[in-house]
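To start, the structure itself, in structure tokens.
The values are calculated or read from the model by the stated rules, or taken from the named source; none is laboratory data. For clarity, every value in this text was computed on a predicted model and none was experimentally measured. Please note: Cβ atoms are built from the backbone with ideal geometry, for glycine as well, and neighbour counts cover all protein chains shown. When the accessible area is computed, the model is the full protein with side chains, heavy atoms only, and any ligands, DNA or RNA have been set aside. Shrake-Rupley method; radii C 1.70, N 1.55, O 1.52, S 1.80 Å.
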Amino acid sequence: MSNTTNQFGQPIGDPLPSWTPRPRPPRTPMEGRLTRVEPLDPAQHEKDLFEAYAADPQGKTWTYMAWGPFADQPTLRRWLEERAEIDDPLMFAIIDRKTGQASGVATFMRIDPPAGVIEVGGIAFAPRLQRSIVATEAMYLMMKRAFDELGYRRYEWKCDSLNQPSRDAAKRFGFRYEGTFSQATIYKGRNRDTAWFSITDGEWPKVRAAMETWLVPDNFDGAGRQIKSLSQLTATLSTPR
């Protein structure tokens, strides 16, 4: 809470005399040890993504998304082509560097350079990407771009309040729950109450250290099983403010 007051003794927000608007995120790749997060290119990524999403024939990946599932490859292609033309949300494909294949997408969205606020959303990971090291490293790389490369102050995660896997993922990645907006929107003909989570620039160094500790090769045994879980490392960081 701010201790700053105005001439009338009223509490006001702390001044930010050195603040300047942040750059918009560029359409350039983000490279990790196992992962590459690269700007969506429908011609390059369409086939991989369709095959990856086909491993979920029931379409559970899309339950809490405003779009999908996609009945056939041409339908997915049209959607990807529409997404690729938009700067906000700015969509990226998640690539496993070992296979070179795309297995999911994620976006920077609700980008607010003057306020230094940016949201990660539109996250659609195919089954082979879900709860993988590649998926976690992708989220780390996007955070790193927002905070370390671009200097944003606030990084947001929002989801349907009923989407428990997304809520769990937010906490695992070190986001703090801030509350739920009732009847926030309507999608697919049904109500959505939206749960809000965030990481601020002051909290980011500890979140970054936890994620980097988890991502080191020594944290995994010969079978690729984690030794220390990321949830353990972020448990004290993701508690509500």
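Structure values in brief
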item	result
Extreme residue, most open to solvent (accessible area, probe 1.4 Å), among residues of region 192-236 that are acidic (Asp, Glu) and over 18 Å from Arg145 (Cβ atoms)	Asp218
Residue match in region 91-101 (condition: in contact with a helix residue (DSSP H, G or I) (Cβ under 9 Å, 6 or more places away or on another chain) and closer than 27 Å to Gly189 by Cβ)	yes
Any chance Ala43 is more than 23 Å from the chain's Cα centre (by Cα) and either within 22 Å of Ala138 (Cα to Cα) or open to solvent by less than 30 Å² (accessible area, probe 1.4 Å) (or both)	yes
Residue within region 1-21 that is in contact (Cβ under 8 Å) with a residue 12 or more places away in the chain, within 21 Å of the chain's Cα centre (by Cα) and assigned to a loop (DSSP other than H, G, I, E, B) present	no
Qualifying position, being hydroxyl-bearing (Ser, Thr, Tyr), in contact (Cβ under 8 Å) with a residue 24 or more places away in the chain and open to solvent by 10 Å² or more (accessible area, probe 1.4 Å), among Ser182, Ser166	Ser166
Given (1) of a type in the set (Gly, Ala, Ser); (2) within 25 Å of Thr185 (Cα to Cα); (3) open to solvent by less than 20 Å² (accessible area, probe 1.4 Å), number of the condition Ala52 does not satisfy	(2)
Residues located in region 90-106, provided they are crowded, with 17+ Cβ neighbours inside 10 Å and out of contact with any Leu (no Cβ under 8 Å at 6 or more places or on another chain)	Leu90, Ile95, Gln101, Ala106
Residue identified as of a type outside the set (D, E, K, R) and surrounded by 13 or more Cβ atoms within 10 Å (Cβ to Cβ) among Pro114, Pro69, Pro11	Pro69
Odd one out for Asp87, checked against (1) buried (at least 17 other Cβ atoms within 10 Å of the Cβ); (2) more than 23 Å from Asp201 (Cα to Cα)	(1)
Single residue of Thr61, Thr28 found to be in a loop (DSSP other than H, G, I, E, B), open to solvent by less than 60 Å² (accessible area, probe 1.4 Å) and hydroxyl-bearing (Ser, Thr, Tyr)	Thr28
Any strands (runs of 3 or more DSSP E) falling wholly within region 129-239 and containing at least 1 residues that are among the polar types (S, T, N, Q) and within 12 Å of the chain's Cα centre (by Cα)	190-200
Yes/no for Thr75 being assigned to a loop (DSSP other than H, G, I, E, B) and open to solvent by 30 Å² or more (accessible area, probe 1.4 Å)	no
Test result for Arg241, within 26 Å of Gly179 (Cα to Cα), in contact (Cβ under 8 Å) with a residue 12 or more places away in the chain and either among the aromatic types (Phe, Trp, Tyr) or surrounded by fewer than 12 Cβ atoms within 10 Å (Cβ to Cβ) (or both)	yes
